[in-house]
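Below: the structure, in structure tokens.
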Amino acid sequence: MKERGVTESVVEEAGLAWLESVVWQIRNGTRSPPGEPAAERDDYGQWVLAQRLRDALARLNRALPPRRWMTPSAS
């Protein structure tokens, strides 16, 4: 009998599938590697692209004044 278990990759794939189902855009991390001129992260541990999140929040909440936490220097 083959033993089955939950692995990191199974959990990751399930999480990505869920995020995609609620309209998040999923990209492979190698398409935005740290250290490149257009890099959106300092290392692969940063799985939320902070500036994209800030931009999306500002776009969705145009009537709200900018908040200190939305500026890159506050992160």
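Restricting attention to the stretch 51-75, report how many residues are surrounded by 11 or more Cβ atoms within 10 Å (Cβ to Cβ) and modelled with pLDDT of 80 or more. Of the residues in the stretch 51-75, 9 are surrounded by 11 or more Cβ atoms within 10 Å (Cβ to Cβ) and modelled with pLDDT of 80 or more. Consider the stretch 27-45 and keep the residues that are at pLDDT 80 or above and of a type in the set (D, E, K, R). The one that is surrounded by the most Cβ atoms within 10 Å (Cβ to Cβ) is 41.
Annotation note: Cβ proximity below 9 Å between a residue of the stretch 48-60 that is more than 16 Å from residue 27 (Cα to Cα) and a residue that is at pLDDT below 85 and surrounded by 13 or more Cβ atoms within 10 Å (Cβ to Cβ) (sequence gap 6+ or interchain) occurs for 54/70; 57/70; 58/70. Would you check if residue 24 is touching a Lys or Arg at 6+ places or on another chain (Cβ under 9 Å), modelled with pLDDT under 85 and assigned to a loop (DSSP other than H, G, I, E, B)? Against the criterion (touching a Lys or Arg at 6+ places or on another chain (Cβ under 9 Å), modelled with pLDDT under 85 and assigned to a loop (DSSP other than H, G, I, E, B)), residue 24 does not qualify. Just one of the numbered conditions (1) open to solvent by less than 60 Å² (accessible area, probe 1.4 Å); (2) at pLDDT below 85 is not true of residue 16: (2).
The values are calculated or read from the model by the stated rules, or taken from the named source; none is laboratory data. Since this is a predicted model, take the numbers as computed values, not measurements. Glycine gets a Cβ as well: all are built from the backbone with ideal geometry, and neighbour counts include every protein chain shown. All accessible areas refer to the heavy atoms of the entire protein, side chains included, with ligands and DNA or RNA removed. Shrake-Rupley method; radii C 1.70, N 1.55, O 1.52, S 1.80 Å.
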